[in-house]
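Visitor: Supplied in structure tokens, the structure appears directly below.
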Amino acid sequence: MKSSLLFFNRIKGVLLALISSGTFGLIPLFTIPLRQEENMNEVSIVFYRYLLSAFLILVLCLFDRKSLRVSSRSLLRLTLISVFYATTTISLVYAYNYIPSGVVTTIHFLYPVVVVFLMTLIYREALSRRLLFIALMAIVGVGFLAFSGGGESDYLQNHSVGVIIGGLFLALSTAFTYGFYIVGLNLGGVRELDSKVVSFYVLLMGSLFYALYAQFTSGIQWVPSGKAWMNLSLLALFPTVISLITLVLAVKSIGSSTTSILGAAEPIIAVFCGVWVFNEAFTINSLIGLVLVIMAVTLVMLDAAKRKAAKREEVRGD
């Protein structure tokens, strides 16, 4: 009975991780119209996204009668991981200004490898070669998906080395900041908190971070139209509130390493949005990347079944 519960808990964790990464992949669907049709700047979009998301989660907490009280220790650690999360977002935004999005996405998705090594160093998890292989397979798949549009080589030839190095540094920094965020969800004082409470503080502190940051940069724009409010609301609900809550729940169920690998489903959704909504091309690279990522996700799910069988044998042996 116990082994069955563990198995179903892992399957639930896998599904939650896929929901998290899948909804996160919807960001372009709501962000592109805000940039192209409403001419909103990046900092304003992210600020409203975080603030609206925090408000939505606050409503959920009040509805569920969840207490938002946390200890000073928990608050300190929540502040720390919220800085990592907010830094990831702004670094990605600026990296896209320096190097092609395909390069940025591929480098950012090194974070599963970062998470695997951090969990080994900090929590003394066994360094699984199988898990590392799956993570690398997922990253290669993401690389094919990211470079499916073409044009990256022309871009790299027409820009200075300094610009390219700056963009590469920003993109690489996101792999570490996001990796630290996911690992930070395992910290004592954070792991024990309800997923909605964790998400609320991460988003609220993130919105304060961007409000402060905006004062020294481009400032925060007023929302220009009702359509913009609709896109911002959907951006807050799906790729933020749902994605963050399911991410926290997934980490609690299957751990940081496995959850980070399943994040590879994000670019699949982003590619499909690009093809179906924005009429982008679906190339052979897209197909190869899709197959590799699906294989990686399948191997993670098979790994869950394998662990169930091992637990069952261990119980019988006792």
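Visitor: Find how much the distance from Val275 to Tyr213 grows on full extension, using 0.36 nm per residue of separation minus their present alpha carbon separation; answer in nm with one decimal.
Guide: So the chain would gain 18.9 nm between Val275 and Tyr213.
Visitor: Under 1.5 on a/c is rounded, so check that first for segment 167-218, then, if it is not, pick prolate when a/b is larger than b/c and oblate when it is not; a ≥ b ≥ c are the square roots of the alpha carbon gyration tensor eigenvalues.
Guide: oblate
Visitor: Rank Lys66, Lys196, Lys12 by mean-square fluctuation in a GNM of the chain with C-alpha springs under 10 angstrom and give only the top-ranked residue.
Guide: In this elastic network of the chain, the residue with the biggest mean-square fluctuation among Lys66, Lys196, Lys12 is Lys66.
Visitor: Quick one: order Met137, Met295 from most to least accessible surface, probe 1.4 Å.
Guide: Ranked from most to least accessible, the order is Met295, Met137.
Visitor: Select from the chain the helices, each a whole stretch of DSSP H, whose alpha-carbon atoms run 20 Å or more along the helix axis and whose Kyte-Doolittle mean is at least -0.5; answer none if there are none.
Guide: Membrane-span-like by this criterion, though nothing is claimed about a membrane: 2-24, 42-63, 72-98, 129-146, 161-184, 195-215, 284-317.
Visitor: I've got another one for you. Taking the Cα centroid of segment 61-102 and of segment 199-224, what is the distance between the two, rounded to the nearest whole Å?
Guide: Each part's Cα centre sits 12 Å from the other's.
Visitor: Given a 10 angstrom Cα cut-off, can you work out which residue in Ser218, Ser256, Ser199 is the most mobile in a GNM of the chain?
Guide: Between Ser218, Ser256, Ser199, it is Ser218 that shows the largest mean-square fluctuation.
Visitor: Something else about it: Under the 0.36 nm per residue contour assumption, what length would be gained going from the current alpha-carbon distance of Leu302 and Thr79 to full extension?
Guide: 76.7 nm
Visitor: On to the next question. With the Cα gyration tensor of segment 4-90 giving a ≥ b ≥ c as the square roots of its eigenvalues, does the rule (a/c under 1.5 for rounded; else a/b larger than b/c for prolate; else oblate) give rounded, prolate or oblate?
Guide: Cα axes put segment 4-90 in the oblate bin.
Visitor: Related question: Using a Gaussian network model of the chain with C-alpha springs under 10 Å, which one of Gly274, Gly206, Gly143 is most mobile by mean-square fluctuation?
Guide: Gly274
The values are calculated or read from the model by the stated rules, or taken from the named source; none is laboratory data. Only a predicted model underlies this, so the values are computations on that prediction, with no experimental measurement involved. Please note that ligands, DNA and RNA were not included when accessible areas were found on the heavy atoms of the full protein model with its side chains. Shrake-Rupley method; radii C 1.70, N 1.55, O 1.52, S 1.80 Å.
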